[in-house]
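Here the structure is laid out as structure tokens; the discussion comes afterwards.
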Amino acid sequence: MRLTREALIKVARDAAEQRTRVSRRIICIYLTGSVLSADPLLGGTTDIDLIFVHDSDPAQPREVVRVTDEVHLDISHYPQSTFHHPRHLRTDPWLGPFIYAKPLVLHDTQHWFDFLQAATGAQFYQPDYTLQRARALAQSARQEWMTLAEIQSAAAQPQRVRTYLRALEDAGNAIASLSGAPLTERRFFVLFPQRAQAIQRPEISARLVAMLSGSGVQLDSLWEGWVQSWKEGLEAAGQQDNPPPEVQGARRLYYERAAAALWQEHPIAALWIMLKSWTAAALLFASDSPQIEAWRRACQALQLDEDHFPNRVMELDQFLDTVEETLDVWGQRYGIPNII
């Protein structure tokens, strides 16, 4: 299969047609994400992001469906009730921006999506709405930082690291949201420097890198040794009973080939893909498994192990202070009061 943009859109159309033949409860299906961009492939792989809107609560919030080794469907399911107040979507940091960005509608009963998009898009990038979306992400990052204080067991280190990474992602996207839609997983560290520069705060990008990789870590000397253990961890995770969507077997090459493609020019972006997916896999293994031990050694080198973690949590607090202050200053520029 030649992975052209047109071929990928056809796969999406065929999937939508098949699902709507089976179920009459689907109100709308739309295509969003990288397939609509000029270059949807990274490392020769991509996912096809589909949003399904149902007239009642769906059976599952997310599913991953293999198309080929290089392509899979990533389907998010929502009840129609999520969209009952479309004006509120102007402040939703994830649904709102991708509705505004004119996704490709594949199924729409009674022009439901047309109404939704019109109601959501009005004044979407007005400064107060933009700041509300950014603050929602910053608040999520702060909540994740608070959660870290509640996770004390050394056996829960994978959970701690995952929460830490989520806090970094939400904090980074709070900054990114001031100049566009939030950044998705594989291109997060590739595009973040541009977003930090857009608000004239390039130093935030450097701090975010340091929050991920630690100080004095020589990635060049470690990378090749990690790659094989990481791949083995992803493969083992995909073979578990009912693994979560992010580490299902259909997504393995999606991570591996993207990281390989980015490593030479964007090593931090490659590390981000590796560490996020490896940590998601580590959550599935027993504390004495070989996969956990390899992951622990990598975390130790990155100063994300149990001994270094209290300092990392303190640094995260300081970084979140910087993000929150940056949002306040940005809001002041447009006459928007700070949150007390």
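The values are calculated or read from the model by the stated rules, or taken from the named source; none is laboratory data. Predicted model, so just to flag it, every value in this text is computed and none were measured. When we count neighbours, we look across all protein chains shown, and the Cβ atoms used for this are built from the backbone with ideal geometry, even at glycine.
Summary table
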| read-out | value |
| --- | --- |
| Subset of segment 10-42 (residues that are farther than 21 Å from Ala259 by Cα, surrounded by fewer than 18 Cβ atoms within 10 Å (Cβ to Cβ) and either of a type in the set (D, E, K, R) or touching a Leu at 6+ places or on another chain (Cβ under 7 Å) (or both)) | Lys10, Arg13, Asp14, Glu17, Arg19, Arg21, Arg24, Arg25 |
| Residue in segment 218-239 that is in contact with a Ser or Thr (Cβ under 7 Å, 6 or more places away or on another chain) and surrounded by 17 or more Cβ atoms within 10 Å (Cβ to Cβ) present | yes |
| Per-region count, segment 173-187, residues farther than 16 Å from Pro97 by Cα and surrounded by 21 or more Cβ atoms within 10 Å (Cβ to Cβ) | 1 |
| Those residues of segment 43-62 which are surrounded by fewer than 20 Cβ atoms within 10 Å (Cβ to Cβ) and either hydrophobic (A, V, I, L, M, F, W, C) or in the same structural domain as Leu262 (by TED's automatic domain parsing) (or both), in sequence order | Ala59 |
| Among the residues listed as Gln143, Gln159, Gln110, Gln139, the single one being over 30 Å from Arg312 (Cβ atoms), surrounded by fewer than 20 Cβ atoms within 10 Å (Cβ to Cβ) and out of contact with any Gly (no Cβ under 8 Å at 6 or more places or on another chain) | Gln110 |
| Whichever residue in segment 63-102 is charged (D, E, K, R) and exposed (fewer than 14 other Cβ atoms within 10 Å of the Cβ) and, among such residues, is nearest to Ser23 (Cα to Cα) | Arg66 |
| Thr82 vs. criteria within 22 Å of Lys102 (Cα to Cα), over 16 Å from the mean Cα position of the chain (by Cα) and not in a strand (DSSP E or B) | yes |
| Any chance Gly331 is crowded, with 20+ Cβ neighbours inside 10 Å and more than 22 Å from the chain's Cα centre (by Cα) | yes |
| Unique match (being part of a helix (DSSP H, G or I), in contact (Cβ under 8 Å) with a residue 24 or more places away in the chain and small (Gly, Ala, Ser)) among Ala156, Ala138 | Ala138 |
| Test result for Ile204, assigned by TED's automatic domain parsing to the domain that holds Gln300 and out of contact with any helix residue (DSSP H, G or I) (no Cβ under 6 Å at 6 or more places or on another chain) | no |
| Those residues of segment 249-258 which are of a type in the set (A, V, I, L, M, F, W, C) and either buried (at least 24 other Cβ atoms within 10 Å of the Cβ) or closer than 11 Å to Glu185 by Cβ (or both), in sequence order | Ala258 |
| Scan of segment 20-73 for residues that are in a strand (DSSP E or B) and among the hydroxyl-bearing types (Ser, Thr, Tyr), ordered by number | Tyr30, Thr32, Thr45, Thr46 |
